[in-house]
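K.L.:
Structure provided below as structure tokens; questions to follow.
Just so it is clear, none of the values below were taken in a lab; they were calculated from the coordinates. The model shown is predicted, which means the values in this text are computed figures rather than measured ones. No Cβ is skipped: glycine too gets one built from the backbone with ideal geometry, and neighbour counts run over all protein chains shown.
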Amino acid sequence: MGVLGRFLNIVYLVLLIKCAYAEDEKSPWNWSCEDGKCVKSRLDPKSRTPALSLNACKMFCNEYGLLWPLPTGEVDLGNFLSKIDINKIDIQIPNRGKSDALMDAAGQRFRQIVSLLVPNELSAKASGKALTVSLVNEKPDVREFSMGMDESYTLRVAPMSNDRINATITGNTFFGVRHGLETLTQIIVYDDIRDHLLIARDVNISDKPVYTYRGILLDTARNYFTVDSIKATIDAMAAVKLNTFHWHITDSQSFPFVSERRPNLSKLGAYSPSKVYTKKIIKEIVEYGLVRGVRVLPEFDAPAHVGEGWQDTDLTVCFKAEPWSSLCVEPPCGQLNPTREELYDYLQDIYTDMAESFNPDIFHMGGDEVSERCWNSSEEIRQFMVQNRWDLDKASYLKLWNYFQTKAQNRAYKAFGKRLPLIVWTSTMTDYTHVDNFLDKDDYIIQVWTTGSDPQIRNLLKQGYRLIISNYDALYLDCGFGAWVGSGNNWCSPYIGWQKVYDNSPKVMAREYSDLILGGEAALWSEQVDTAALDSRLWPRAAALAERLWSEPQGNWRDAEYRMLHIREHLVRMGIKAESLEPEWCYQNEGYCYN
């Protein structure tokens, strides 16, 4: 048979397959709920019992159905599913105010997510009941993030008439209403037996988060990330109700942040002219995040982790010094020189540019991995120490660091025009034995990156410091890959599975001081990841963090596994290239892949 003959045969087979599906649109499978599991069986065409699709079964086979994260208040999903017409979704917003544009955009996003519930190659039948979604915002003039913002909401779904379903979401702010819309998408499923969208009909949910800060850190300095990849990350964060995108935007390897007042920093420090983040780009991302309930928090890490971009300033020490391993933790080394008064003018200009670009309600000042050995390598700094009658030991270099931090803090307040909350990493400065000599607990929030069992956590809490938990042994998502300096695996190996992320409880760490835990954050440092692998490094593991921080569930990962597999599927439908956790067979055959 020739090439043409083989081609015609393939075309004929494809047509046969298409015709077969056209004649028999129903799935051959049915699921039934048995002992809290959805059990798969062949669909009997002669049976008069209504068949259940997999996700319809999952909706009612456990108390929380397909919800992620777990709501913290009342949850009643009812017992019935109603068909809805995807072309008859009406969104009503009775209370109008300054958040109007955000409410409208959130409603449009809801429509888009509902459309994604239908597999690409299929289309839902244009029949069923109309859906009216009423978005009741009790404070429609609130559109700004704050550490004390109200993210609570209630969701009520009930039939209005024979041909209409009503879903009413009530929140004290736009942020709560937005979360309620996210939950509403999770009680709508696609029925692949009948090609319909179905909604849980008699629903009552009241919900609010346990922790006010629920974040992801992305380092865009070790490697550059495209604007589209950052937006996709924010989309995924919104889907699981994370609310803070912590942007570690500069480091010693590159300076992609375009400072309009100090343009040479990015001109000399970016990897290329195309790999920068301008004020226009940042404002676009900030607004994108706002619509999705995700604040964009800038970090300017100082006085360490600086280098590229600062070449012509004469304001750094030990930049690219060798051997680097004797002066810093990774190449290239570099720290700011606190003794140069001009440095603080630079900082104020950078902070002012960040204020104009990000307009943040909180600001991260870094303070990570400061090396006294680096500062001690500078004759100028040693002379400054002597003039101030300081020794040249670690304790005295803490005084130099405090000198820098105090001046930088004052410049930050001037740049932002207010005393906004400041965040710093745990370090030698934040050691509980002397932290109160340097950092006022009313001004500073401390982000913990050491282990979850570090005594510093409870001792800092005892002294009244507010903490954000990012312990590397459970929340550093770059761990578990090959070393990039030297051989073997990277420093924080092994790889951290979603189960460990899920069971990493700030409440257990803090115990009686849990009211001082503001929340937590997963960190993705980018020495070994860029745009190409971003989704799979973050997702779905960051979803495990999202449930822990929203709900602080009493159970462990085993109680969440069925729903975890579903939220991963949901993220994939949204276009997120989330890592696979198990064979899809396990998703369709609950209970057979678990110990």
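K.L.:
Please compute the modelled spin-label separation between residue 43 and residue 536, points set 7 Å along Cα→Cβ, answer in nm with one decimal.
P.N.:
Reported label-point gap for residue 536 and residue 43 is 3.4 nm.
K.L.:
Taking K and R as +1 and D and E as -1, what net charge do the other residues with C-beta under 11 Å from the C-beta of residue 54 add up to?
P.N.:
-3
K.L.:
On average over all directions, what projected area in square nanometres does the chain have, based on the convex hull of its Cα atoms?
P.N.:
32.3
K.L.:
Can you give the local net charge around residue 173? Use residues other than it whose beta-carbon is closer than 10 angstrom to its beta-carbon, Lys and Arg +1, Asp and Glu -1.
P.N.:
Neighbour charge sum, excluding residue 173 itself: -2.
K.L.:
Taking 56 Å as R0, compute the FRET efficiency from the Cβ-Cβ separation of residue 414 and residue 80 and round it to 0.05.
P.N.:
It comes out at approximately 0.40.
K.L.:
Which whole-Hz couplings ³J(HN,Hα) result when phi for each residue of region 159-168 is put into the Karplus expression 6.51 cos²θ - 1.76 cosθ + 1.60, θ = phi - 60°, listed in order with x for Gly and Pro?
P.N.:
Listing the rounded values in order: x, 8, 7, 5, 10, 8, 10, 10, 10, 10 Hz.
K.L.:
Grab the DSSP H runs of the chain that are 4 residues or longer, score each as -39,500 (n - 2.57), total them, divide by all residues and round the 222 nm result to the nearest 500 deg cm²/dmol.
P.N.:
-10500 deg cm²/dmol
K.L.:
With a cap of 11 neighbouring Cβ atoms within 10 Å, and only residues DSSP puts in a loop, list the GluC sites (Glu not before Pro) found in region 318-414.
P.N.:
Listed in order of number, the matching sites are 341.
K.L.:
GluC sites (Glu not before Pro), restricted to region 105-162: which are DSSP loop and have at most 15 other Cβ atoms within 10 Å?
P.N.:
Here the GluC sites (Glu not before Pro) that fit, given the DSSP loop and packing criteria, are 121, 138, 144.
K.L.:
How large is the convex hull of the Cα atoms of region 376-475 per residue, expressed in Å³ as a whole number?
P.N.:
Spelled out: Cα convex hull of region 376-475, divided by residues, is 125 Å³.
K.L.:
Ok, one more. Where both residues lie in region 146-252, what percent of DSSP beta bridges are antiparallel, nearest 5?
P.N.:
Beta bridges within region 146-252, antiparallel portion: roughly 75 percent.
K.L.:
Right, here's the next one. Percent relative contact order of region 272-357, based on C-alpha pairs within less than 8 angstrom and at least six residues apart?
P.N.:
Dividing the mean separation by the residue count of region 272-357 yields 27 percent.
K.L.:
Now for a separate question. With each pseudo-label sitting 7 Å past Cα toward Cβ, what's the residue 121-residue 144 distance in nm, one decimal?
P.N.:
5.2
K.L.:
Here is a further query. How many percent of DSSP beta bridges within the chain run antiparallel, rounded to 5?
P.N.:
40
K.L.:
Could you compute the FRET efficiency for residue 389 and residue 462, with r as their C-beta to C-beta distance and R0 at 25 Å, rounded to 0.05?
P.N.:
With R0 = 25 Å, the Cβ-Cβ based efficiency is 0.15.
K.L.:
What angle do you read, to the nearest 10 degrees and between 0 and 90, between the alpha-carbon axis of helix 279-291 and the longest principal axis of the chain?
P.N.:
Its long axis makes an angle of about 50 degrees.
K.L.:
Suppose we look only past 16 Å in the calculated P(r) of region 94-157. What percent of the Cα-Cα pairs does that tail hold?
P.N.:
Taking all Cα-Cα pairs of region 94-157, the fraction more than 16 Å apart is 62 percent.
K.L.:
Quick one: longest stretch of the chain between exposed loop trypsin sites (Lys or Arg not before Pro), exposed meaning at most 11 other C-beta atoms within 10 Å and loop per DSSP?
P.N.:
97-388
K.L.:
Can you work out the FRET efficiency for the pair residue 312 and residue 382, with r the C-beta to C-beta distance and R0 = 22 Å, to the nearest 0.05?
P.N.:
0.35
K.L.:
Can you tell me how much longer the chain between residue 204 and residue 577 gets when fully stretched, taken as 0.36 nm per residue apart minus their C-alpha distance, in nm with one decimal?
P.N.:
Going from the current span to full extension adds 131.0 nm.
K.L.:
Where in the chain is the longest stretch that carries no chymotrypsin sites (Phe, Trp or Tyr not before Pro) classed as loop by DSSP and with at most 14 other Cβ atoms within 10 Å?
P.N.:
With a cap of 14 other Cβ atoms within 10 Å, the longest stretch comes to 81-483.
K.L.:
Run the simple label-point estimate for residue 160 and residue 272 please: 7 Å along Cα→C-beta, distance reported in nm.
P.N.:
Once both label points are built, they end up 5.3 nm from each other.
K.L.:
I've got another one for you. Full extension from residue 322 to residue 507: what is 0.36 nm times the residue separation minus their Cα-Cα distance, to one decimal in nm?
P.N.:
Result for the pair: 62.3 nm of gain on full extension.
K.L.:
Quick check: residue separation of residue 260 and residue 593 times 0.36 nm, minus the Cα distance between them. What number comes out in nm?
P.N.:
114.4 nm
K.L.:
Using the eigenvalues of the Cα gyration tensor, what equivalent ellipsoid semi-axes result for region 407-549 when each is taken as the square root of five times the eigenvalue, whole Å, largest first?
P.N.:
28, 19, 15
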